[in-house]
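Worksheet: the structure to be examined is printed underneath.
The values are calculated or read from the model by the stated rules, or taken from the named source; none is laboratory data. Quick caveat, the model's predicted, so the values are computed rather than measured. Using ideal geometry, Cβ is built from the backbone for each residue, glycine included, and neighbour counts are taken over all protein chains shown.
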């Protein structure tokens, strides 16, 4: 079986990668999450070249050879940190180095990491789907290209002034994104060299684009949910206050011994709520 590593362990990996993104002009200041992603990727690669490659690929790649393997969901994360060669690692890390810091500063670390890994997960899941239905041959897939292409798509939407290199020529990032989509789609439909990798590329780009374009809708939904929760909290407090007023009136008229067990609980809840409010 072949090895779908996104770009580089296929027979014509060097020619294939020349279609991919390389870098934005200028050197960004490294950010914390990007730094640790670079360190982890390089460290894992050294483990591979020091003799653990077969073990790591067999245990941590996306490999839809059986239901039991597909059900090992951690592979959708771990496969992103494995690479098929020095060029594969180098070009993916260049993409991470030049595009990642801008997105991390834009979103902050936790959100950026979720986005990055999520694009890679989307790439792995799409490849699994196409392999399971028989459109693509089944083989192990490794590499961070889905996440890298997801970042490219996000930057193309958010920062259209960016420039990337294709065939050593500077190209506006949106033009590069369109070209890559056309090339990857054509190769996937023809089931060409590294079609599985190109499936992951396209899915990563789609995930990145959807994430950015749905930001406004997600923000509105988040505000709506929080507003609903706040309204529910206010109504609960209002109901509690009404019950408390009734209980206190009963205590005033008949004494505290007249309270039922439920009414005593209401009084206790109100007292606890007031104590917490005072602490704030």
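Does region 186-196 contain any residue that is part of a loop (DSSP other than H, G, I, E, B), in the same structural domain as residue 28 (by TED's automatic domain parsing) and surrounded by 22 or more Cβ atoms within 10 Å (Cβ to Cβ)?
The answer is yes; a qualifying residue exists.
I'd like the full set of residues that are touching a helix residue (DSSP H, G or I) at 6+ places or on another chain (Cβ under 7 Å) and assigned to a loop (DSSP other than H, G, I, E, B), limited to region 229-263.
259
Before we move on, is residue 176 surrounded by 10 or more Cβ atoms within 10 Å (Cβ to Cβ) and touching a strand residue (DSSP E or B) at 6+ places or on another chain (Cβ under 7 Å)?
It is true that residue 176 is surrounded by 10 or more Cβ atoms within 10 Å (Cβ to Cβ) and touching a strand residue (DSSP E or B) at 6+ places or on another chain (Cβ under 7 Å).
Taking only region 126-141 into account, find how many residues are closer than 19 Å to residue 72 by Cβ, in contact (Cβ under 8 Å) with a residue 40 or more places away in the chain and out of contact with any strand residue (DSSP E or B) (no Cβ under 7 Å at 6 or more places or on another chain).
Going residue by residue through region 126-141, those that are closer than 19 Å to residue 72 by Cβ are 126-132, 138-141.
The next check asks that each one be in contact (Cβ under 8 Å) with a residue 40 or more places away in the chain; those that pass are 126-128, 130-132, 138-141.
Next, only the ones that are out of contact with any strand residue (DSSP E or B) (no Cβ under 7 Å at 6 or more places or on another chain) stay: 126, 130-132, 138.
Selection size over region 126-141: 5.
When residues of region 122-135 are filtered for being crowded, with 23+ Cβ neighbours inside 10 Å and more than 19 Å from residue 177 (Cβ to Cβ), how many remain?
3
Criterion first (surrounded by fewer than 23 Cβ atoms within 10 Å (Cβ to Cβ), at positive phi and touching a residue at least 12 places away in the same chain (Cβ under 8 Å)) does residue 183 satisfy it? Steps first, answer last, please.
Working: surrounded by fewer than 23 Cβ atoms within 10 Å (Cβ to Cβ): yes; at positive phi: no; touching a residue at least 12 places away in the same chain (Cβ under 8 Å): yes.
No: the conditions fail for residue 183.
For region 30-125, list the helices (runs of 4 or more DSSP H) that sit wholly inside it and hold at least 2 residues that are touching a residue at least 40 places away in the same chain (Cβ under 8 Å); which are they? Don't jump to the end; show me each part of the working.
Details: elements: 32-47, 53-60, 67-70, 75-78, 86-107.
Fully inside region 30-125 and qualifying: 32-47, 53-60, 75-78, 86-107.
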